[in-house]
Amino acid sequence: MRIGTMTLAAAGLVFVAAAAPSELKALGLQAGPAATGVVAERQDGMKKSGMALRAITGVIKANGDVKTVAAQAADLAAWSKRLPTLFPAGSTEGSHALPAVWTDNAGFKAKAAAFAAAAAKLAATTAAGDSAGAGAALGDVSKACGDCHGAPGMPLYRQPPPPRPSPAPAG
């Protein structure tokens, strides 16, 4: 089974979206303010979903037994259902989510529902040991991830701003 560039890119975007400050620095990016509360919870969930996607992608790419990643796919499906509840109004401190999450909340929720449907399909196909179905479902999950994390015209994720230059010393 050949895994497309979109699948790998989506997993990478999830990693960058949830990366720790040290990981961002290694990538040449800068973290924003430390996240707390619901923002930290959604960032932690993104990080875990990225790890699950990497594991699932690896097994599918290696033509392995997809039942071995059924638990990760089930966790991803559970996360996908919780995701839209983690963006209450005003939850922006330490967040990299764009205002479009809140200004077009119906659009965001529709995209989150598509992600949940794709993740449920991935969970079902991995549990059934259906490698071909899991590969197709992984493609659907990747597309759903990309719809928010890389959609032209309305990306719902942004990289942290570049570091500001330090002020010149007084003197």
Out of all the residues in the range 132-139, is one or more in contact (Cβ under 8 Å) with a residue 40 or more places away in the chain, among the aliphatic types (A, V, I, L, M), in a helix (DSSP H, G or I) and open to solvent by 60 Å² or more (accessible area, probe 1.4 Å)?
yes
Please work out if Thr125 is at pLDDT 95 or above, open to solvent by less than 50 Å² (accessible area, probe 1.4 Å) and out of contact with any Pro (no Cβ under 9 Å at 6 or more places or on another chain).
yes
Within the range 87-115, the residues that are crowded, with 19+ Cβ neighbours inside 10 Å, out of contact with any Phe, Trp or Tyr (no Cβ under 8 Å at 6 or more places or on another chain) and among the aliphatic types (A, V, I, L, M) are Ala112
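The values are calculated or read from the model by the stated rules, or taken from the named source; none is laboratory data. These numbers come from a predicted model, not from an experiment. Using ideal geometry, Cβ is built from the backbone for each residue, glycine included, and neighbour counts are taken over all protein chains shown. Accessible surface areas use protein heavy atoms only, side chains included; no ligands, DNA or RNA. Shrake-Rupley method; radii C 1.70, N 1.55, O 1.52, S 1.80 Å.
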